[in-house]
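The values are calculated or read from the model by the stated rules, or taken from the named source; none is laboratory data. Just so you know, these numbers come straight off a predicted model, no measurement behind them. Here the Cβ positions follow ideal geometry from the backbone for every residue, glycine too, while neighbour counts run over all protein chains shown.
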Ligand SMILES: [Zn+2]
């Protein structure tokens, strides 16, 4: 799945808030990067124009002409089909419905373009260049504002019937839990994400809990984020520690499900929330160990994502190169 050639690829990591674009080579070396804000509220035309402009800046910075690229890979949030290049829907991109993102961007860029789900891209990035090198059966999860996942079986991303597999964040953990962006109740990401952690903290503060969290949020309950809660926890705030441990517990419940279903050799954990480290992951692994089959739990190794914020953009590039090779060999 990972190539070692002298190709240059443009990778795009489209997020609900940020666009990261990079020119890379096939060994995962980044020649240039461009960050910009996703104008999500302005609709898909504006977002696609921003991707185009970001791509042009990245190319200019690397001093690479679009004609020198082998292909372009776009990692996008939400449900998509890599074969048709259509983004079905995305909770992070309001109003996007059945958008032929790949073909529109291919037209705008004038270069063969491929589309992949963002978490699958990150899994592929870790597989080719990061913490999952050499693994055949592994799961990548990103704990962030939501929870994304990529499932690799026998060295291949598992995409399912129409390309939407790997939505681990939307497995039901609590059948009567909080309403999720996807419309279901009690999805894993409504209980074990940064958004869930912040929501619980806000709720407890409004109930009058004793905590120093607000000191880290300019005394504004609406400014409470996972990062703020972690800062308070590091200074010994007991409510923050309790809430992080509770979030970790729910992370572990989901991990146990994944371990029992897939028997992976490796689970790579990335995303901003995972930077909390042991305070979150300690309870997560303890819970997973208590709930999963002992044999399956003993067989799994856990690793932190090795590429940080570059896993998505590198994976999108690796995917584009892999798909381009397939086309050339046909
Ligand atoms: Zn959901």
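Okay, here's what the table says:
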read-out: Residues of region 29-83 satisfying the condition of being crowded, with 19+ Cβ neighbours inside 10 Å and under 11 Å from residue 8 (Cα atoms); value: 59, 62, 69, 70, 71, 72
read-out: 3 or more residues away from the ligand (no atom under 15 Å from the Cβ), farther than 21 Å from residue 304 by Cα and in contact (Cβ under 8 Å) with a residue 24 or more places away in the chain: qualifying strands (runs of 3 or more DSSP E) within region 107-215; value: 113-117
read-out: Filter result (out of contact with any helix residue (DSSP H, G or I) (no Cβ under 7 Å at 6 or more places or on another chain) and without any contact (Cβ under 8 Å) to a residue 40 or more places away in the chain) within region 297-311; value: 298, 299, 301, 308
read-out: Qualifying residue in region 240-257 (condition: within 16 Å of the ligand (Cβ to nearest atom), in contact with a strand residue (DSSP E or B) (Cβ under 8 Å, 6 or more places away or on another chain) and modelled with pLDDT of 95 or more); value: yes
read-out: Number of positions in region 26-57 that are closer than 25 Å to residue 326 by Cβ and part of a helix (DSSP H, G or I); value: 2
read-out: Hits in region 260-282 - residues which are in a helix (DSSP H, G or I) and over 21 Å from residue 196 (Cβ atoms); value: 260, 261, 262
read-out: Region 283-295: number of residues that are assigned to a helix (DSSP H, G or I) and either under 15 Å from residue 253 (Cβ atoms) or in contact (Cβ under 8 Å) with a residue 60 or more places away in the chain (or both); value: 9
read-out: Residue tally, condition assigned to a helix (DSSP H, G or I) and buried (at least 21 other Cβ atoms within 10 Å of the Cβ), over region 296-321; value: 12
